[in-house]
Amino acid sequence: MNMDALVEELKVKLIEQLNLEDIKPEEINPSEPLFGDGLGLDSIDALELIVLLERDYGIKISDPKEGRKVFATLLTMAEYIRANSPAIS
Amino acid sequence: MYILNHCRISKGIISDSDGIVFDSQGNNLAYFLKEFYKFDKIIYPKFYKMDEQCKLAFIASEVLFRNFRRDDYADEELAMIFANSDSTLTTDMSFWDSTFAIASPGLFVYTLPNIMLGEIAIRNKIKGENIFFISREYDPKLLYNQTELVFQNTNTKIAIVGWVNYENDTSYLAKLFLVSKSDEAKNIFSLENLINLNN
């Protein structure tokens, strides 16, 4: 799966997993912060993203410092998945 | 103690002190509350993350606060006194099911009934007294006495008092009162108001 396709897939999964019903995939800027000003996600959302990574991409994140970098933006998340997921080739 | 407003949500109907606010009989609760959320032009994306019981409490509080002069009171002067019989049983069971795969943190946060108080408090910046009673049998006297106590022993001026219980999409009830300690309104808050949940 190429990067663009993965980013698009993540947008859909994010909306579904985090119940972001007011947001459409095309409204998510992959370079914008996921937390704080960007999508305004909270700490529970962060936990849901960890679950998503493990369940859908076979990646376990146990170090919170690592999570902070991985979930900075949708793009950093996609890059991390591409580099670490056995499910993505 | 005076009633500034009340809200009742049951069987697809939302009503307040002035009568029926929204009627969506025949639709399940999730659909019905979402329709009201859009109808009332509420903008609070966290609503979508809540479980059904929390949505029920949240919408009831939104209706209660519609014409309330919130800015007249300090954050610490508002209290919440709630009760129900099912606690968060439906979400507890959903969460239990999720633990067989990977437990959902998003579900877990709704496995305590006082999350309803938390969500309402965050939305309305309420920092006063709060308590949530869970009992098999509805005990209106307990709710009433607790309201009196809170008004007598704290600096509370306004209290949200009542019942929010969700069993399933067709069996649910929210009945909340917005009660003022001293702002005179036409209806006095009494035990009678709490005794009958069905009107």
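For chain A, the set of trypsin sites (Lys or Arg not before Pro) satisfying both a DSSP loop assignment and a count of at most 16 other C-beta atoms within 10 Å is given as A:Lys60. Spin-label pair B:Ser135-B:Ser85: with each label point 7 Å from Cα along the Cα-Cβ axis, the two points sit 1.3 nm from one another.
All C-alpha pair distances within the protein assembly as shown, sorted into 5 Å bins from zero, spread as 1, 5, 11, 15, 15, 14, 11, 9, 7, 5, 4, 2, 1, 0 percent across the bins.
Rg to Rh for chain B: what is it, with Cα atoms only and Rh by Kirkwood? Please list the in-between numbers first.
Details: Rg = 16.3 Å, Rh = 17.1 Å.
On the Cα set of chain B, Rg over Rh gives 0.95.
Averaging the Cα positions of each part gives two centres, and for the stretch A:44-58 and the stretch A:1-38 these lie 14 Å apart.
Rounded to the nearest 10 degrees, the inclination of helix B:89-98 to the longest alpha-carbon principal axis of chain B is 30 degrees. In loop segments of the stretch B:13-121 as defined by DSSP, the chymotrypsin sites (Phe, Trp or Tyr not before Pro) with at most 13 further C-beta atoms inside 10 Å of their C-beta are B:Phe100.
The angle between the Cα long axis of helix B:52-64 and the main principal axis of chain B comes to about 30°, on a 0 to 90 degree scale.
Share of antiparallel DSSP beta bridges in the stretch B:2-196, in percent to the nearest 5? Don't skip to the answer; put the middle values down first.
Numbers: 26 of 37 bridges.
Beta bridges within the stretch B:2-196, antiparallel portion: roughly 70 percent.
Counted without the sites themselves, the longest stretch of chain B free of trypsin sites (Lys or Arg not before Pro) in a DSSP loop having at most 15 other beta carbon atoms within 10 Å is B:70-124. Of interest is the spacing of the C-alpha centroids, which for the stretch B:145-180 and the stretch B:34-70 amounts to 16 Å. Going by alpha carbons, how many degrees (0 to 90, nearest 10) lie between the helix axis of B:115-124 and the longest principal axis of chain B? Compared with the principal axis, the helix lies near 60 degrees.
Before anything else, pin down the relative contact order of chain B: Cα pairs under 8 Å, at least 6 apart, normalised by residue count, whole percent. Kindly include the intermediate steps, with their values, before the conclusion.
On the way: 341 pairs, mean separation 67.3, N = 199.
The value is 34 percent.
Which of the GluC sites (Glu not before Pro) across the stretch B:130-199 are loop residues per DSSP, with 15 or fewer other Cβ within 10 Å? Listed in order of number, the matching sites are B:Glu137, B:Glu167, B:Glu184. Compute the Cα gyration tensor for the stretch B:82-155, then decide on rounded, prolate or oblate, letting a ≥ b ≥ c be the square roots of its eigenvalues: rounded whenever a/c is under 1.5, prolate when a/b is larger than b/c in the other cases, and oblate in all that remain. Oblate, because a/c is 1.5 or more while a/b does not exceed b/c.
Extent along the principal axes, Cα only, for the stretch B:102-199: 52, 30, 21 Å, with the longest axis given first. Averaged over the residues of B:96-104, the number of partner chain Cβ atoms lying within 10 Å of the residue Cβ comes to 2.
FYI, it's all coordinate maths here, none of it is from the lab. Please read all numbers here as calculations on a predicted model, not as lab measurements. Using ideal geometry, Cβ is built from the backbone for each residue, glycine included, and neighbour counts are taken over all protein chains shown.
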